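Engineer: I have a structure here, written as structure tokens, and I will follow up with some questions on it.
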Amino acid sequence: MRVSYSLVLANVLLWGSGTAFAQASSAYANSLAPYIPSPQIIVERMLELANVQPGETVYDLGSGDGRVLIAAVQQFRAKAVGVEIMPEIAHKATERIAKLGLQDQAKVITGDIRDADLSSADVVTMYLPTDSNDLLRPKLEKSLKPGTRVVSYSFKVPGWKYNRMEEDDPYGNGRKHAIYLYVMPPKK
Ligand SMILES: C[S@@+](CC[C@H](N)C(=O)[O-])C[C@H]1O[C@@H](n2cnc3c(N)ncnc32)[C@H](O)[C@@H]1O
């Protein structure tokens, strides 16, 4: 999940201008992960593993094209909020949600996960590398209510003990990918 941002930044420097440039460069500088969508089968398994119930609120931290939000609404009748730092990706996800007529149940906040208010989340999904999960851990511990289910695809949250782990072979190539389920404990 490591990316060299220099090439991307060079492109931004060449083509960007004004506010768009400032937004894009700040987004790249604060990025915790590149945009790599989860396979659809994994999206469904993550939401199943979290046992998402109708009316619950699902947050996808780094929501990409909105696929987790859309599945949460369409297949689990949940409400869904995405937080996405890249303005263009967030915009496209918002358009996709609107095209499907799901704008009353799903929304994307353009911004940094580190600034998001997660207090209303019943379920949090993430597909971020281990060091980003580690960085976010204090925020998650502080702001998530007890009982919130956190599901992480591929990468553990260091220092947490998972409640369940499932392995899938989403690409059918014999390479297993893990999904970790954590349940937030009572506050100390
Ligand atoms: C690996 S992709 C996962 C996308 C989506 N959750 C999925 O499973 O298909 C990670 C996403 O996190 C976004 N991201 C990275 N750093 C972020 C940050 N600090 N705040 C919000 N989003 C961020 C990236 O732009 C990217 O879209």
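The values are calculated or read from the model by the stated rules, or taken from the named source; none is laboratory data. Here the structure is a predicted model, which is why all the values come from computation and not from measurement. Note: ideal-geometry Cβ built from the backbone for every residue, glycine included; neighbour counts use all protein chains shown.
Engineer: Is it the case that some residue within region 168-176 is touching an Asp or Glu at 6+ places or on another chain (Cβ under 7 Å), surrounded by 13 or more Cβ atoms within 10 Å (Cβ to Cβ) and not aromatic (Phe, Trp, Tyr)?
Structural biologist: no
Engineer: Shifting gears a bit: Which of the residues that make up region 122-178 are at negative phi and of a type in the set (Ser, Thr, Tyr)?
Structural biologist: If the condition is that a residue be at negative phi and of a type in the set (Ser, Thr, Tyr), then Thr125, Tyr127, Thr130, Ser132, Ser143, Thr148, Ser152, Tyr153, Tyr162, Tyr171 are the ones that fit.
Engineer: Checking the condition near the ligand (Cβ under 8 Å from one of its atoms) and more than 15 Å from Ser38 (Cβ to Cβ), which residue from Asp112, Asp131 passes?
Structural biologist: Asp112
Engineer: Separate question: Just a yes or no: is a residue in region 52-66 more than 10 Å from the ligand (Cβ to nearest atom), over 24 Å from Glu167 (Cα atoms) and either touching a Gly at 6+ places or on another chain (Cβ under 9 Å) or not assigned by TED's automatic domain parsing to the domain that holds Met165 (or both)?
Structural biologist: No: region 52-66 contains no residue that is more than 10 Å from the ligand (Cβ to nearest atom), over 24 Å from Glu167 (Cα atoms) and either touching a Gly at 6+ places or on another chain (Cβ under 9 Å) or not assigned by TED's automatic domain parsing to the domain that holds Met165 (or both).
Engineer: Can I ask one more? Go over the candidates Ser25, Ser63, Ser38 one by one and state the one that is over 12 Å from the mean Cα position of the chain (by Cα) and of a type outside the set (Asp, Glu).
Structural biologist: Ser25
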